[in-house]
Amino acid sequence: MKFCSSQRLGSVLALFFFALVFWDVLGVRALDNGLARTPTMGWLHWERFMCNLDCQEEPDSCISEQLFMQMAELMVSDGWKDAGYEYVCIDDCWMAPQRDSKGRLQADPQRFPGGIRRLANYVHSKGLKLGIYADVGNKTCAGFPGSFGYYDIDAKTFADWGVDLLKFDGCHCDSINLLAKGYKHMSLALNKTGRSIVYSCEWPLYMWPLHQPNYKKIRQYCNHWRNFADIYDSWESIKLILDWTASNQDRIVNIAGPGGWNDPDMLVIGNFGLSWDQQVTQMALWAIMAAPLFMSNDLRQINPQAKALLQNKDVIAVNQDPLGKQGYRLRKEKDIEVWERPLSNLAWAVALRNLKEIGGPLSYTTSLVSLGKGVACNPGCFITQLLPMKKDYGFYGWTSSFKTQINPTGTVLLKLEAISVN
Ligand code: GLA
């Protein structure tokens, strides 16, 4: 890792921090850009396409304007946009190795011959939004130019191009002080452009090894923030993310809400590494966690089952619930975890996760009083299973139990809707 070179704060920066102190005094809590009132939904290239620069050998999977144009087209024609996926996002490796003569970032001219502005116009013409990637330090994680020392120029460049979201990575900046200053500076620089740009941070992820993050502060600057290591196309990776989230829930759950969300990283549904039940678990738990839903898959070749799962309206409605409260792990037993999330209209989502990786479906019975703070089914509720497939279970009284079967590594996602007493 390389340290960002230390620079004295200029007077502009000093002004920014004065403004910040002022905000603090007034108690402003969320990033005040009006965006991400529900978790952001879209597509992001990283997990599936990584840093493939070889457009000679692999024209269909290298990081090029063609890839994003194709994804944008499919997002409209194949129902993704209608399901709520809106942001087509570029990750690392889009840049030319040098800035231009005016110090501006530029796209690699071979792989993005039309430049980002034209790509943004194309994406906008489809009724979608464009996301881009940069880094708070001297270089991006893959070694392309970093934004350190260029925050204002880069924010302006992105706004001029018509970019709608910035994923701001934290590589090559291992002074914790500069990391924090950089994330704040870029947030203010984006706001100053006057363009609505969702600000997706990795600030806490890079802080954790050195210092416990101040989530209240992070929420004031970012629309969502990564806490934990990069997702892989594997069940091991999903389990690690869920375990980390559950172990840290007392620190992170209450901080999430409209305008600012914990980001457990991309959805890898529709790729190679997860079984059907594991894909169901990812979708169900990402809905419970109120996670931004960024798919990283190949929309040109995705099987119908994965597509139906990703486009499941009932599950997306849980993820996007307007109450905006993140769910949590309610309890962990030997073979089962129970997660729950309060929803609007006094409803609850409940996820029953089978931790076993051996054997067949596990029978599980839960008392309804133990769910939803004791009120989800008081005096009674209607239970609908949303995953792995929709099933209406009908009415249950407060003192009754609910029994179901859960496949190994799979999850049953339920919605509980309380009946009103009058
Ligand atoms: C980091 C991020 C990933 C991805 C890569 C790109 O590892 O956490 O999500 O953006 O960088 O290099």
note = Log entry, pairs with first residue in the range 297-315 being more than 16 Å from D233 (Cα to Cα), second being surrounded by fewer than 18 Cβ atoms within 10 Å (Cβ to Cβ) and among the aromatic types (F, W, Y), beta carbons closer than 7 Å, six or more apart or on different chains, reads Q305/W276
key: Test result for W276, of a type in the set (F, W, Y) and surrounded by fewer than 23 Cβ atoms within 10 Å (Cβ to Cβ)   = yes
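How many residues does the range 59-97 contain that are within 16 Å of V163 (Cα to Cα) and either within 12 Å of the ligand (Cβ to nearest atom) or without any contact (Cβ under 8 Å) to a residue 24 or more places away in the chain (or both)? Write out each step before concluding.
Step one: of the range 59-97, the residues within 16 Å of V163 (Cα to Cα) are 65, 68-69, 72, 86-92, 94-95.
Still in the list and also either within 12 Å of the ligand (Cβ to nearest atom) or without any contact (Cβ under 8 Å) to a residue 24 or more places away in the chain (or both): 89-92, 94-95.
Number of matching residues: 6.
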request  = Read through the list (1) closer than 15 Å to I197 by Cα; (2) touching a strand residue (DSSP E or B) at 6+ places or on another chain (Cβ under 9 Å), then give the number of the only condition that D160 fails.
outcome  = (2)
inquiry  = Return the residues of the range 35-58 that are more than 16 Å from the ligand (Cβ to nearest atom) and not in a loop (DSSP other than H, G, I, E, B); say none if nothing qualifies.
reply    = M41
task = Tally the residues that are over 14 Å from G42 (Cα atoms) and not basic (K, R), restricting the search to the range 291-315.
result = 11
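Please find, within the range 29-40, the residue that is nearest to Q311 (Cα to Cα) out of those that are buried (at least 21 other Cβ atoms within 10 Å of the Cβ) and not β-branched (V, I, T). Break it down stepwise before answering.
If we filter the range 29-40 for residues that are buried (at least 21 other Cβ atoms within 10 Å of the Cβ), which is where we start, we get 31, 36, 39-40.
Add one more test, that the residue is not β-branched (V, I, T), and what stays is 31, 36, 39.
Numbers: L31: 29, A36: 19, P39: 15 Å.
Checked the range 29-40; the qualifying residue nearest to Q311 (Cα to Cα) is P39.
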ask   = Do you know which residues across the range 153-170 are more than 16 Å from the ligand (Cβ to nearest atom), within 22 Å of L128 (Cβ to Cβ) and either not assigned by TED's automatic domain parsing to the domain that holds V136 or not hydrophobic (A, V, I, L, M, F, W, C) (or both)?
value = T157, D160, G162, D164
query = Among (1) within 16 Å of the ligand (Cβ to nearest atom); (2) surrounded by fewer than 20 Cβ atoms within 10 Å (Cβ to Cβ), where does L105 come up short?
reply = (2)
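For the range 171-203, how many residues meet the condition of being among the polar types (S, T, N, Q), within 14 Å of the ligand (Cβ to nearest atom) and either part of a helix (DSSP H, G or I) or not assigned by TED's automatic domain parsing to the domain that holds I132 (or both)?
From the range 171-203, those among the polar types (S, T, N, Q) are 175, 177, 187, 191, 193, 196, 200; that's our starting set.
Still in the list and also within 14 Å of the ligand (Cβ to nearest atom): 200.
Next cut, either part of a helix (DSSP H, G or I) or not assigned by TED's automatic domain parsing to the domain that holds I132 (or both) only: none.
The number of residues fulfilling the criteria is 0.
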inquiry  = Which of the strands (runs of 3 or more DSSP E) found entirely inside the range 328-415 contain at least 1 residues meeting this: in contact with a helix residue (DSSP H, G or I) (Cβ under 7 Å, 6 or more places away or on another chain) and open to solvent by less than 10 Å² (accessible area, probe 1.4 Å)?
reply    = 336-342, 348-354, 380-387, 401-406
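Which one of G149, G127, G137, G143 is part of a loop (DSSP other than H, G, I, E, B), open to solvent by 10 Å² or more (accessible area, probe 1.4 Å), more than 17 Å from N191 (Cα to Cα) and within 16 Å of the ligand (Cβ to nearest atom)? Break it down stepwise before answering.
Details: G149 fails: within 16 Å of the ligand (Cβ to nearest atom); G127 fails: within 16 Å of the ligand (Cβ to nearest atom); G137 fails: open to solvent by 10 Å² or more (accessible area, probe 1.4 Å).
Answer to the selection: G143.
The values are calculated or read from the model by the stated rules, or taken from the named source; none is laboratory data. Given the structure is predicted, the values throughout are model-derived calculations rather than measurements. We place every Cβ from the backbone using ideal geometry, glycine too, and count neighbours over all the protein chains shown. The area values use the complete protein model at the heavy-atom level, side chains included, leaving out ligands, DNA and RNA. Shrake-Rupley method; radii C 1.70, N 1.55, O 1.52, S 1.80 Å.
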